[in-house]
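Here is the structure we will look at.
The values are calculated or read from the model by the stated rules, or taken from the named source; none is laboratory data. Since this is a predicted model, take the numbers as computed values, not measurements. A quick note on method: Cβ atoms are made from the backbone with ideal geometry, for glycine too, and the neighbour counts reach across all protein chains shown. Keep in mind that these areas ignore ligands, DNA and RNA; they rest on the heavy atoms of the full protein, side chains included. Shrake-Rupley method; radii C 1.70, N 1.55, O 1.52, S 1.80 Å.
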Amino acid sequence: MRILEVSNFMPPHPGGIEIMIDTLFQGLQRRGHDVRWIAASTPLEPGTTGPFVRVPAWNWLEKNLHVPMPLWAPSGWRQLDEQVRWADVIHVHDCLYFSSSLTTALTRGRRKPLLVTQHVGEVPYGGVLDWVQAAAYRTLGRTLLSAASEVVTYSPHVVDYFQKVGVRKPLRIIPLGFEPRFQPIPQAERLAARREFGLPEQGRLVLFAARLVPKKGVTRVAEVQRQLAAEGVTLVVAGDGPLASDIADLPDTVHLRQVDHARMHLLYGCADVLLLPSVGEGLPLTLQEGMLTGLPAVVSKDPSFVANVADAPGVALVEGKEALVEAVRATLAQPPSRTEVAHWARERWGLERFITEYERTLESLVRGN
């Protein structure tokens with residue numbers, strides 16, 4: 001098959017959607033399919049490198065409002081049309097993006113099958129942006145999802161949200177998959193990883209791995225660490241973004257900024273607990289990758305976490321600073337079995353099943369079934 005992936009961004013731009021597409025992209029290539037990927041060029045220069053097409057785009061909204069919504073230049077529209085004409089099937093990610101709307105119009109004009117993966121539902125930005133988002137989902141979002149040949153997601157709470165919005169087309173769930181390197185590592189390797197990242201070999205490490213934007217709960221993480229630092233806890237922050245100043249002066253905090261995704265399994269493996277009080281999620285890759293390495297987690301009561309990991313071993317769902325502090329303390333004091341946590345995660349998020357389900361879906365669309 002000739003498959004075209006269309007998204008807002010691609011690596012090295014950080015983000016869970018980028019990682020998910022990259023994993024799928026490589027898996028489909030391994031199975032012999034001809035796959036191309038087109039997205040905004042940020043942070044690289046526009047251009048084509050093999051199967052990767054990076055188009056010029058204006059990224060003011062992400063830089064100033066933390067809304068990842070690049071607007072493609074007209075030359076990018078022409079490049080997209082060329083790729084749509086080439087492809088047997090087109091795969092778009094999320095329904096509100098400019099690139100998604102443009103792709104939907106082009107696929108309808110070219111009579112090509114369109115698969116949409118809807119990664120998230122409602123994301124709380126605050127103020128007028130929440131109203132704009134709700135209105136957009138009920139108009140543009142509903143129209144785009146209804147026009148797709150098929151829509152999939154990976155969390156039941158996203159299905160529930162879009163049913164309430166009025167999308168009548170069924171959303172099918174395909175669980176995510178992850179590379180085999182995400183698994184528990186021996187104690188000796190954990191200590192070696194700590195040395196490699198420049199972290200304390202002794203003591204307790206709390207990991208916060210996310211873009212430093214409001215929805216990830218950066219302010220709440222800072223509040224928790226101000227309290228736990230006095231108890232000998234080190235916070236490790238892996239990620240960067242506009243709220244980096246919120247963690248700049250935190251006591252006993254190591255800011256690694258952007259860690260190469262190829263090394264993230266080692267960082268999960270050497271930490272003691274993942275702290276992720278985020279909101280408006282699909283299902284964060286950080287949580288899933290960490291759990292596959294056996295890392296316990298303290299998260300918010302976001303609908304994503306309630307729908308997907310409420311019964312998971314080693315995961316605490318809490319709200320509020322004091323509850324987060326107590327949950328981290330309890331996890332550090334009595335850590336669960338990393339083997340048990342990893343087994344639970346592995347049973348749900350297998351790589352080959354993930355690739356196979358997408359491959360079968362795309363093949364079905366090409367056949368017109």
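Summary table below
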{"item": "Cα-Cα over 18 Å, subset of 215/321; 63/216; 169/215", "result": "169/215"}
{"item": "Which of 261, 303, 72, positive extreme of dipole for the chain (C-beta unit charges)", "result": "72"}
{"item": "Other-chain or far-sequence residues with amide H under 5 Å of residue 281's (modelled H)", "result": "304"}
{"item": "Cα centroid separation, region 81-97 to region 1-76 (Å)", "result": "11 Å"}
{"item": "Anchor residue 164: aspartates and glutamates whose Cα lies under 19 Å away (excluding residues fewer than 8 positions away in-chain)", "result": "94, 122, 130, 150, 281, 302"}
{"item": "Value at 222 nm in deg cm²/dmol, rounded to 500, when DSSP H runs of n ≥ 4 in the chain each add -39,500 (n - 2.57)", "result": "-12500 deg cm²/dmol"}
{"item": "Heavy-atom accessible area per residue - the chain, 1.4 Å, Å²", "result": "41 Å²"}
{"item": "Net charge dipole size for region 136-203 [Lys, Arg +1 and Asp, Glu -1 on Cβ; Debye, nearest 20]", "result": "420 debye"}
{"item": "Shape of the chain, Cα gyration tensor, a/c cut at 1.5", "result": "prolate"}
{"item": "Cα lying deepest toward the dipole's positive end in region 197-237, options 230, 197, 212, charges on Cβ", "result": "212"}
{"item": "Dipole magnitude of region 109-170, debye to nearest 20 (Cβ charges: Lys/Arg +1, Asp/Glu -1, about Cα centre)", "result": "420 debye"}
{"item": "Contact order relative to length of region 277-333, as percent, for alpha carbon pairs under 8 angstrom and 6 or more apart", "result": "32 percent"}
{"item": "Shape category assigned to region 177-246 from the gyration tensor of Cα positions, a/c cut at 1.5", "result": "oblate"}
{"item": "Overall form of region 209-346 per C-alpha gyration tensor (a/c, 1.5; a/b vs b/c)", "result": "rounded"}
{"item": "Label-point gap, in nm, between residue 85 and residue 254 - each point 7 angstrom along Cα→Cβ", "result": "5.3 nm"}
{"item": "Cα-centre dipole for region 192-259 with unit charges at Cβ (Lys and Arg positive, Asp and Glu negative), debye to 20", "result": "260 debye"}
{"item": "Whole-angstrom gap from region 163-205 to region 246-263, using each part's C-alpha centre", "result": "17 Å"}
